[in-house]
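Written below as structure tokens is the structure these notes are about.
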Amino acid sequence: MAEHRQLQRAALLDAARSLLTEGGMEALTFPALAARTGLARSSVYEYFRSRAAVVEVLCEVDFPLWAAEIEAGMESSDSAAGRIEAYVRGQLALAGDPRHRAVTAISVLELDEAARERIRAAHGKLVGLVIQALEDLGHEQPRLAAALLQGIVEAAVRQAEQRAAGPAEGPDVIADAAVALALHGLGGSRVETGSPVAAER
């Protein structure tokens, strides 16, 4: 029985991921989850008390996986600057995933403060990934720099979201500008062509 419940719960989460990818937060409803999994709507409530509960579990399960993707991208570079670039580009690519955008949007609107704090902690672990790279670059305040770098990433994400609503810079232009700002400050206008991650693009 316990194994059956675990399988059903996993099926519901997979259905939730598909719905978010296909239609965003409006698509994630209990009737839709029931239809995708073949369960009765009342049965869905046996696993999750609300849509917010579904999203909270998705965050708990998926955020570590997303962080692992970013970390793997960083580890593929043999330079500190390349790891920072991979960190920025990895997060921007992740933010472009419709499922991630929808989960983030719902989490802001519907989760209670305790759940939001757990999600903030998960995001905080991403910041920790880049501190070592900043130390390797010789930065005197790597933790502060990591927090400020995250601000650059979040600003780039907002710029990309505005682009979706109308004419603006393309995602590659936004990513290049964010990397240049992160690595070279306001004096940097472009990503150096010799950087490890830029060379892979």
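Please treat every number below as a calculation from the coordinates, not as lab data. Just so it is clear, the model here is predicted, and its values are computed rather than measured. All Cβ positions, glycine included, derive from the backbone under ideal geometry; neighbour counts span all protein chains shown.
Trypsin sites (Lys or Arg not before Pro) within the range 1-61: which are DSSP loop residues with at most 16 other Cβ atoms inside 10 Å? Let's see the in-between values first.
Numbers: sites: Arg5, Arg9, Arg17, Arg36, Arg41, Arg49, Arg51; in loops: Arg49.
Answer by residue number: Arg49.
For the pair Thr21 and Glu154, the difference between a 0.36 nm per residue extended length and the Cα-Cα distance amounts to 45.8 nm.
The simple spin-label model puts a point 7 Å past each Cα toward its Cβ; for Ala2 and His139 those points are separated by 4.4 nm.
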